[in-house]
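Step one of this worksheet: look at the structure below.
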Amino acid sequence: MELLKQRIQRDGHVKAGNVLKVDSFLNHQMDVALFGEIGREFYRLFAGDGVTKILTIESSGIGVACITAQYFGVPVVFAKKTQSKNIDGEVFTSRVESFTHGRVYDIIVSKKFLTPADRILLIDDFLAKGSALSGLCTLVQDSGATLVGAGIVIEKGFQGGGALIRGRGIRVESLAIIDAMDDETGAITFRE
Ligand code: 5GP
């Protein structure tokens, strides 16, 4: 998505440790007009797939997921991060290793909100090593719902998550795929 790539080039900052900071438009301050274009693009890609629900993970996936859901006319469910050890049986749960914080979380979704009748589209802001998306896939699998695919705003293609998830036969559509970035020069190279 050209508009998104231009915005990343203009306002993104490459930090040490392969972190791309996009907090002026994506995950701190949010450019809602840009989110509208992102949602429209996800709708174009998945409109024919009978999506009944969008699933994301708190907190930075929620904004994009909500705007996208308006195009599909479906609800959004977000997986909650928790560190509590005693999770009751009324939730689906999975384990996620945080790329940005280096911690391990359990993520949970109430069993009320994912059912075998659902066709789920996963949405997230970033795909790096694939732990967050993998955790969401597990929740969907455990619920018996159908996984339609995943829509990712920015994939860092050099960190292996995309290859991992696509290798499991899951459709992943990323609107911008970064092949390389350099925190010394600030250069960002996109996949064509
Ligand atoms: P993964 O689980 O694929 O390794 O990482 C995905 C999660 O980590 C995303 O939900 C996102 O919140 C966060 N993340 C990964 N890489 C970056 C990055 O370069 N910049 C920012 N801002 N968040 C990232």
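Every number here is computed from the coordinates shown, using simple stated rules; none is lab data. Values in this document were obtained by computation on a predicted structure and should not be read as measured data. We place every Cβ from the backbone using ideal geometry, glycine too, and count neighbours over all the protein chains shown.
Computed about the Cα centre, the dipole magnitude for the chain is approximately 400 debye when only Lys and Arg (+1) and Asp and Glu (-1) carry charge, each at its Cβ. Summed over qualifying helices (DSSP H, 4 residues or more, each -39500 (n - 2.57)) and divided by its residue number, the chain shows a 222 nm mean residue ellipticity of -9000 deg cm²/dmol. With a simple spin-label model that places each label point 7 Å from the Cα along the Cα-to-Cβ direction, the separation between Ala117 and Arg10 comes to 4.5 nm.
Using the charge dipole of the stretch 1-149 (Lys, Arg: +1 at Cβ; Asp, Glu: -1 at Cβ; taken about the Cα centre), state which of Ala47, Ile67, Ser134 has its Cα farthest towards the positive end. With unit charges placed on the Cβ atoms, the residue in question is Ser134.
Summary value for the chain: 19 percent relative contact order, contacts being C-alpha pairs under 8 angstrom separated by 6+ residues. Using a simple spin-label model with pseudo-atoms 7 Å out from Cα toward Cβ, Thr82 and Arg40 lie 3.9 nm apart. Relative contact order for the stretch 1-112: 17 percent, from Cα pairs under 8 Å spaced at least 6 residues apart, divided by residue count. With springs connecting C-alpha atoms under 10 Å apart, model the chain as a Gaussian network and identify which of Ser59, Ser110, Ser84 has the largest mean-square fluctuation. Looking only at Ser59, Ser110, Ser84, the largest GNM fluctuation is found for Ser84. Angle between the Cα long axis of helix 131-143 and the longest principal axis of the chain, 0 to 90 degrees, nearest 10? That works out to roughly 20 degrees. Rounded to whole Å, give me the distance from the Cα center of the stretch 135-192 to that of the stretch 1-78. Using only Cα atoms, the two centres lie 13 Å from each other.
Helix 32-46 against the longest principal axis of the chain: what's the angle in degrees, Cα atoms only, rounded to the nearest 10? Its long axis makes an angle of about 60 degrees. DSSP beta bridges fully contained in the chain are about 45 percent antiparallel. For the stretch 1-112, what class follows from the C-alpha gyration tensor (a ≥ b ≥ c being the square roots of its eigenvalues): rounded when a/c is under 1.5, otherwise prolate if a/b is larger than b/c, else oblate? Taking the square roots of the gyration eigenvalues as a ≥ b ≥ c, the stretch 1-112 is oblate. Oblate is the label for the stretch 39-192, because a/c, from the alpha-carbon gyration tensor with a ≥ b ≥ c as root eigenvalues, is 1.5 or above and a/b does not exceed b/c. Against the chain, whose longest principal axis is taken from its Cα atoms, helix 62-72 shows a tilt of about 70°. Measuring r between the beta carbons of Glu173 and Thr146 and using R0 = 25 Å, the FRET efficiency lands at 0.90.
About its Cα centre, the dipole of the stretch 138-192 is roughly 360 debye, where the only charges are +1 on Lys and Arg Cβ and -1 on Asp and Glu Cβ.
When the charge dipole of the chain is built from unit charges on Cβ atoms (+1 for Lys and Arg, -1 for Asp and Glu) and taken about the Cα centre, the candidate among Met30, Leu122, Gly89 whose Cα reaches farthest toward its positive end is Gly89.
How about the stretch 53-93: which chymotrypsin sites (Phe, Trp or Tyr not before Pro) there lie in a loop by DSSP and see at most 16 other Cβ atoms within 10 Å?
Qualifying residues, ordered by number: none.
The lysine pair count for the chain, using Cα distances under 17 Å and pairs eight or more places apart or on different chains, is 13.
Expected output is a single nm value to one decimal: the length gained when fully extending between Met1 and Glu97, i.e. 0.36 nm times separation in residues minus the C-alpha distance. What is it? Working shown, then result.
On the way: separation 96, 0.36 × 96 = 34.56 nm, distance 2.83 nm.
Length difference between fully extended and current span is 31.7 nm.
Please state the shape class of the stretch 52-104: rounded when a/c is under 1.5, otherwise prolate if a/b exceeds b/c and oblate if not, all from the C-alpha gyration tensor. Present the calculation step by step, with values, prior to reporting the outcome.
On the way: a/c = 3.56, a/b = 1.55, b/c = 2.29.
Oblate.
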